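**Q** I have a structure here, written as structure tokens, and I will follow up with some questions on it.
The values are calculated or read from the model by the stated rules, or taken from the named source; none is laboratory data. Note that the structure is predicted; figures quoted are calculated from it, not measured. Positions of Cβ are backbone-derived with ideal geometry, glycine not excepted, and every protein chain shown enters the neighbour counts. SASA here: full protein model, heavy atoms, side chains in, ligands and nucleic acids out. Shrake-Rupley method; radii C 1.70, N 1.55, O 1.52, S 1.80 Å.
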4 protein chains.
Amino acid sequence: MYGSTYGTLFKITTWGESHGKGIGVVIDGCPAGLELNETDIQKFLDRRKPGQSKYTTPRKEADTVEILSGTFEGKTTGTPISLIVYNKDQRSKDYKEIASIYRPGHADFSYDSKYGFRDYRGGGRSSARETIGRVAAGAIAVKLLNQLGVSIYTYTASIGPVSIDKNQFDFNTIFQNPLYMPDSIAAKNAEEYLEDCMAQKNSSGGTVECVIKNLPANIGEPAFEKLNANLGKAILSIGAVKGFEIGDGFSAAKSTGIENNDCYGHDEEGNIIKLTNHSGGILGGISDGSDIILRAAFKPTPSISATQRTVNRQGEALNINIKGRHDPVIVPRAVVVVESMAAITLFDMLLGSMTSRLDKIIKFFE
Amino acid sequence: MYGSTYGTLFKITTWGESHGKGIGVVIDGCPAGLELNETDIQKFLDRRKPGQSKYTTPRKEADTVEILSGTFEGKTTGTPISLIVYNKDQRSKDYKEIASIYRPGHADFSYDSKYGFRDYRGGGRSSARETIGRVAAGAIAVKLLNQLGVSIYTYTASIGPVSIDKNQFDFNTIFQNPLYMPDSIAAKNAEEYLEDCMAQKNSSGGTVECVIKNLPANIGEPAFEKLNANLGKAILSIGAVKGFEIGDGFSAAKSTGIENNDCYGHDEEGNIIKLTNHSGGILGGISDGSDIILRAAFKPTPSISATQRTVNRQGEALNINIKGRHDPVIVPRAVVVVESMAAITLFDMLLGSMTSRLDKIIKFFE
Amino acid sequence: MYGSTYGTLFKITTWGESHGKGIGVVIDGCPAGLELNETDIQKFLDRRKPGQSKYTTPRKEADTVEILSGTFEGKTTGTPISLIVYNKDQRSKDYKEIASIYRPGHADFSYDSKYGFRDYRGGGRSSARETIGRVAAGAIAVKLLNQLGVSIYTYTASIGPVSIDKNQFDFNTIFQNPLYMPDSIAAKNAEEYLEDCMAQKNSSGGTVECVIKNLPANIGEPAFEKLNANLGKAILSIGAVKGFEIGDGFSAAKSTGIENNDCYGHDEEGNIIKLTNHSGGILGGISDGSDIILRAAFKPTPSISATQRTVNRQGEALNINIKGRHDPVIVPRAVVVVESMAAITLFDMLLGSMTSRLDKIIKFFE
Amino acid sequence: MYGSTYGTLFKITTWGESHGKGIGVVIDGCPAGLELNETDIQKFLDRRKPGQSKYTTPRKEADTVEILSGTFEGKTTGTPISLIVYNKDQRSKDYKEIASIYRPGHADFSYDSKYGFRDYRGGGRSSARETIGRVAAGAIAVKLLNQLGVSIYTYTASIGPVSIDKNQFDFNTIFQNPLYMPDSIAAKNAEEYLEDCMAQKNSSGGTVECVIKNLPANIGEPAFEKLNANLGKAILSIGAVKGFEIGDGFSAAKSTGIENNDCYGHDEEGNIIKLTNHSGGILGGISDGSDIILRAAFKPTPSISATQRTVNRQGEALNINIKGRHDPVIVPRAVVVVESMAAITLFDMLLGSMTSRLDKIIKFFE
């Protein structure tokens, strides 16, 4: 079967392995007329690029993007946009010795079960480098949403046991610490926690939160194509994500109707608004005009240099210490991946929402 | 846009509103040769039928299913299976007075934003009765999975603050209490909690857990069609679900690599197995041969008779006390909905996994 | 696999067999706000209903449609529209004797190859009654297109060797003869030809032509989703269709560039128009503002009472004379099926065309 | 909307414009374990490469393919295969003067209607160079089909008024004449006809025929996903195709049931076979074990240097003589495009057919 194409009207197709020639994405369904150049995309790729701080792998990956098609005279033409990032600084030899070993927490065993063999170099297709294509496409989706007045804020909400404090919350600090946390005190504590993990050849999990502002109140479909369902799929398709919440999420399960229901009232201009936002901006699968709020749980980086028990393809038991250059925590570099997948999903569903009313369709074609 | 069709190879299309003529589903892609009759499906529908205990709405809905197509001489023919449940005992008049009012926690406002008007009777398409089609299709998916040796266990894991105790866990008790909890002590406590809620005209949230056993180790696709991503979408598309976890879920975000990685070893017959199962049976988006474990968070029933502030279509502020017959908690009746959506997704992706290897395809056509 | 769902944004799912309980369709993605009642749909079904003339089967099929969901107070709500036609006047006994025989020109052998067995009564799912769902959905698509100013004309263009004469062409005569021909002289000749066929226990093929007027000039997509490609799939998915043409079709293959190219000029109001229309209203897969013109070739009715050689499931050779009540030609009743499939495709792609330009999307959401 | 992705299980996504950086395709869903290198693909690309004879454009396009992902140690891994062909020898200046002119028979006007502007260089995305991606993917699909014992023969069946004579038919001559005709006498006559066309600054249409042998008898789905419907869409999505036939095609419309029905009998080994093949190997949308036979009608090359009337973007009338280097007939280079699209469709639907029977699915997973 397939699995590398995502979206219905705004459709992306990614390709590439960690140690192959490159990584890329084709974006099909981008409307004509968007101003777009490599810089727009590179800004996003730089947010996931390694080597930015001591809490990311020291691998040097320039990850420079090139636009191969779909623009003309600086604007999108409506035809597919092909983007490529060539792989550099690959040390494939590092992986020879794990070629036949099943690394705990990795997809080695399940890939072998599925395909009979695998490109073991750097995890092949299951590498986090696969997200380069998502982020490149996400840069375009975010730019499109911005044209429509929608904005997205994404940040690290927790690392291991260290969570941000909503009272300390400050969007402006996000880019002022290497962990992309909107709370400078929590960021400091998280850095200390990570130092400990690294000293113990261990790694940490964490959570990412994403807030979307100013989305119109009609995006999403009843039944299976609910906005929250598609956001959930989008985020859960990112490697290492183990949980997803919208609005109050799992807290809502401990709550009561009186607490959890969002009552309606008016804003200063007399528009109908929800007075609270436990729903996270979605009711019945359709955006309700409030902020969309979602959260993703990332497991700890599976590549650790502490000793682990495992087996090889031949079924022999052995111990493994994973060498190479790995992130002690996935979350900071994953922030932009979450933002990208959310934006791709939102823009796709926003396009889909244009067809819900006959009167608006008639007006469109007048 | 659309939203009532789900699945790629095993595809279901649901239709129907709470107070329309009926509710139904068309299942397309069911393989030929499965023995199937109305009883197979009715058993599942009876698990979500109201009026079974004092913790569900006293509405009497017989919800009797009829097979309209797709079987011949007691077996599926490979062509679409159409199932219908006629609506009965509708008290549409109950809803006249809320026709123009936006009920907190419901989809009234977002539906009006999207479609310009709505069928307000019983929530129309956004009613939980929409899940009848899912459960009817789910009965077939579960039966198909059973033929392949796969089994599914689904139950209530918590109601409000009351969670099951893994030490008290007993599958056999699930059907022995009205809340479908596999822990009779927790069930008793939850019943007491619900009595309190009802006394206060309030409602409760809760969680559902689902365990899938004996799934082969190659189901799911890399990148966007990961098994966990599709399970997540399936579950999050159920009304009132606000969170989804696979394996350790949000706990993994607080964990470390040493704790969270599942080491490999052997079972008694010498087969390769994971020695723990923090991953919940999926690595790299592909099943790894362990139990699949997933969890869904349900918000409290939004229909409560306590007084709430809201507005109407005309934008006038007012108070509302929702009348009618409502469940104090959604979870017990949702257990079979979660099981159904999981089964539909698993069988669909299991079919898709048949094409991953050329050698197996060649053998199939020999 | 599946095969009973069609369309991307305006999506239809059909179900039902010739001698099952009924035939139906679910339309998902119909915009909210269209006035719709059973009469709108019945008018279309009556055009394919048998027993209207001596050139159609004398079977009495009332084929009365019922709307089960998707409308409220006489208008579509944006949620799935479920339509059902109960089967009546089934003489299943007629088919017992052919249960194990492979009728020439029918799908008996290929269905057995695919599914291992089949519902042999009246052809089961491969019966022409399957088109009832298409026509019911087509009635809605045509009504939607009409709201946008688009109109569709469909008629019989030839029966066996008798073709309409473009000089005699008169739209008004289409409903004045039982063969739906827009040329009363050709209609008379075709009737005589059919009398001969019937006398010889034989049947005839024929062609249907469809003209769509006033479609805006931007419907269809480059590459694989060309308007002509999707119209072709739509028409070729009708049982018994063996050929499809757009514009000059196969004649274009014998033509030259000078003859075939449509030069541009102006209409009386100064708008750019094509001066001829060899292209059939589509260039590069996108509508060009001229009339869309398409043609379908139908094979002769395979059910004939003349003696034919064949084999049965056991592989034994034998002769067969097909009894029962069959149309001597498929074409007149297929006219409305062609119109329906064209309309469904056009409306679906028209919705899709709304997303091609960023400036128009921005304006839509203002 | 989108339009550059094709297929369900074997899915291709093409990108690129005539004068952009390159042309490419991503193949998603190719099973693991196929031996594949650049030479396999280059052989196919060379069949559509220009400059091979005086009947194709003298443009020099090396069209060298590079595999960017999806193979490891010479075999496909099951993950997406990305292929690229860089554009060379582009004379974009040739097109400056037609930048604002609507060329008759081209997509200039419809692209402007849809997107508001266009990449006018060499036709941009509407160029025949778009088929490079299809042919590269087709090479893989043909190789996969060959592994399953299926073979495909494709050739020119007519050019202008010159058709091949079935009595002179000889597969072996296909590659012995520059027009890929399986009849050397017809080839000679067609060459003379083309000389005339070229002398008159004119161009010619023609037809391509494709025969698929040894396809199993269960490929294709009832209703909308009939094998013929998908083959039709595949072929009609090739630029310049105006008609499609399966089996007897439009001749069947002039035929009778007695002539057109294929009676059943036995081959020498006692297997059930059709004694004739008017159906073209498909009944009820499902392959019947006979040869699949299809035909495509191509319009004449629209780029001709004869004088034509047209208008420009500003709506001014003018005359145009198209310069540049153009094929006098599209057909010979299109032969391999037809073969590719047929193969992609067949392999995709062959994969889909694996799920039709429960007993075979159970056996697969044993």
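**Q** For the stretch B:1-85, which GluC sites (Glu not before Pro) are both in a DSSP coil and crowded by at most 12 other Cβ atoms within 10 Å? List each step's numbers first, then the result.
**A** On the way: sites: B:17, B:35, B:38, B:61, B:66, B:73; in loops: B:17, B:61, B:73.
Loop-located and lightly packed - B:73.
**Q** Mind checking the dipole of the protein assembly as shown: about its Cα centre, +1 per Lys or Arg Cβ, -1 per Asp or Glu Cβ, Debye to the nearest 20?
**A** I would put it at about 0 debye.
**Q** To the nearest 10 square angstrom, what accessible area does residue B:130 show with a 1.4 Å probe?
**A** Only protein atoms counted, so the area is about 10 Å².
**Q** State the answer as a single residue: which of D:176, D:102, D:124 lies farthest towards the positive end of the charge dipole of the stretch D:87-240, with beta carbon charges of +1 for Lys and Arg and -1 for Asp and Glu, about the Cα centre.
**A** So the residue furthest toward the plus end is D:124.
**Q** Using 7 Å Cα-to-Cβ label points, what is the residue B:66/residue D:66 separation (nm, one decimal)?
**A** Between residue B:66 and residue D:66, the simple spin-label model gives 6.4 nm.
**Q** Heavy atoms only, probe 1.4 Å: what % of the accessible area of the protein assembly as shown goes to carbon and sulfur, would you let me know?
**A** With neighbouring chains kept in place, the figure for the protein assembly as shown is 46 percent.
**Q** Turning to a different aspect of this structure: Rounded if a/c is under 1.5, else prolate if a/b beats b/c, else oblate: with a ≥ b ≥ c from the C-alpha gyration tensor eigenvalues square-rooted, which is the stretch B:200-240?
**A** oblate
**Q** Let me ask something else. Assuming R0 = 30 Å, can you tell me the calculated FRET efficiency for the pair residue C:188 and residue C:153, based on Cβ-Cβ distance, to the nearest 0.05?
**A** Details: r = 21 Å, r/R0 = 0.70.
Plugging the Cβ-Cβ distance into 1/(1 + (r/R0)^6) gives 0.90.
**Q** Gain in length, residue B:366 to residue B:117, computed as 0.36 nm per residue apart minus the alpha-carbon separation, to one decimal in nm?
**A** Residue separation times 0.36 nm, minus the Cα-Cα distance, leaves 84.0 nm.
**Q** What net charge do the residues around residue A:263 carry, taking every other residue with its C-beta under 9 Å from that of residue A:263, with Lys and Arg at +1 and Asp and Glu at -1?
**A** Once all neighbours under 9 Å are counted, the net charge is +1.
**Q** With only Lys, Arg, Asp and Glu charged, each at its Cβ (+1 for the first two, -1 for the last two), find how big the charge dipole of the stretch D:208-278 is about the Cα centre; round to the nearest 20 debye.
**A** On the way: 6 positive and 10 negative charges, 78 e Å.
In total the dipole reaches around 380 debye.
**Q** Using the charge dipole of the stretch A:186-242 (Lys, Arg: +1 at Cβ; Asp, Glu: -1 at Cβ; taken about the Cα centre), state which of A:186, A:217, A:236 has its Cα farthest towards the positive end.
**A** The residue sitting most towards the positive pole is A:217.
**Q** Another question about this same structure. Would you compute, from DSSP H runs of 4+ residues alone, the mean residue ellipticity of the protein assembly as shown at 222 nm, taking -39500 (n - 2.57) per run and dividing by the full residue count, rounded to the nearest 500?
**A** That calculation yields -8500 deg cm²/dmol at 222 nm.
**Q** In chain D, how does Rg compare with the Kirkwood Rh, expressed as the Rg/Rh ratio over alpha carbon atoms?
**A** Result: Rg/Rh = 0.98.
**Q** Something else now. Can you list residues whose amide H is under 5 Å from residue D:286's amide H, if they're 5+ apart or on another chain and H is modeled 1.01 Å from N?
**A** D:227
**Q** Which chain A residue comes nearest the axis with its C-beta when you rotate A onto D, and by how many angstrom?
**A** Closest to the axis: A:13, 2.
**Q** Suppose every K and R has +1 on its Cβ and every D and E has -1 on its Cβ; what is the size of the dipole of the stretch B:5-365 about the Cα centre, in Debye to the nearest 20?
**A** Numbers: 41 positive and 41 negative charges, 295 e Å.
In debye, rounded to 20, the stretch B:5-365 gives about 1420.
**Q** Along the charge dipole of the stretch A:228-366, pointing to its positive end and built from +1/-1 on Cβ of Lys, Arg, Asp and Glu, which listed residue (A:255, A:277, A:265) has its Cα farthest out?
**A** So the residue furthest toward the plus end is A:255.
**Q** List the aspartates and glutamates whose Cα lies under 12 Å from the Cα of residue B:43, skipping any in the same chain that are fewer than 8 positions away.
**A** Straight-line reach from residue B:43, under 12 Å: B:63.
**Q** Additional query: Measuring from label point to label point, each 7 Å out along Cα→Cβ, what is the residue B:38 to residue D:73 span in nm?
**A** About 5.8 nm separates the two model spin labels.
**Q** How high is the relative contact order of chain C? Use alpha-carbon pairs under 8 Å, at least six apart in sequence, and give a whole percent.
**A** Dividing the mean separation by the residue count of chain C yields 21 percent.
**Q** Still on this structure: So what does residue A:120 come to for accessible area, using a 1.4 Å probe and Å² rounded to 10?
**A** The accessible area comes out at roughly 30 Å².
**Q** Quick one: of A:363/B:96; A:226/A:299; B:213/B:254; C:242/D:274; D:143/D:242, which pairs are farther than 22 Å apart, Cα to Cα? Don't skip to the end; give the middle numbers.
**A** On the way: A:363/B:96 32 Å; A:226/A:299 26 Å; B:213/B:254 27 Å; C:242/D:274 18 Å; D:143/D:242 28 Å.
Over 22 Å Cα-Cα: A:363/B:96; A:226/A:299; B:213/B:254; D:143/D:242.
**Q** A further question follows. Would you kindly find the accessible area of residue B:100, with a 1.4 Å probe and non-protein molecules such as ligands, DNA and RNA excluded, rounding to the nearest 10 Å²?
**A** 40 Å²
**Q** Please give me, ordered by residue number, the GluC sites (Glu not before Pro) of the stretch A:256-328 that lie in loop per DSSP and have at most 11 other Cβ atoms within 10 Å.
**A** Taking the stretch A:256-328 and a limit of 11 other Cβ atoms within 10 Å, the loop GluC sites (Glu not before Pro) found are A:268, A:269, A:316.
**Q** Using the 7 Å Cα-to-Cβ label point, sort the distances from residue D:323 to its equivalents in the other copies shortest first and give them in nm to one decimal.
**A** Spacings between copies for this position, smallest first, are 6.3, 7.7, 8.3 nm.
**Q** At 18 Å minimum axial length over the Cα atoms and a Kyte-Doolittle cut of -0.5, report the qualifying DSSP H helices in chain D, or say none.
**A** Numbers: long enough: D:131-147 (24 Å, 0.90); D:184-199 (23 Å, -0.23); D:331-352 (31 Å, 1.54).
Membrane-span-like by this rule: D:131-147, D:184-199, D:331-352.
**Q** For the stretch C:66-132 and the stretch D:296-366, what is the separation of their Cα centres, given in Å?
**A** Between the Cα centres of the stretch C:66-132 and the stretch D:296-366 lies a distance of 34 Å.
**Q** Roughly speaking, what is the stretch gain from residue D:201 to residue D:321, that is 0.36 nm per residue apart minus the C-alpha to C-alpha distance, in nm to one decimal?
**A** Details: separation 120, 0.36 × 120 = 43.20 nm, distance 0.95 nm.
Length difference between fully extended and current span is 42.2 nm.
**Q** Every other copy gets compared here: list the nm distances from the residue A:73 label point (7 Å along Cα to Cβ) to its counterparts, shortest first, one decimal.
**A** The projected label point of residue A:73 is separated from its counterparts by 5.0, 5.3, 6.9 nm.
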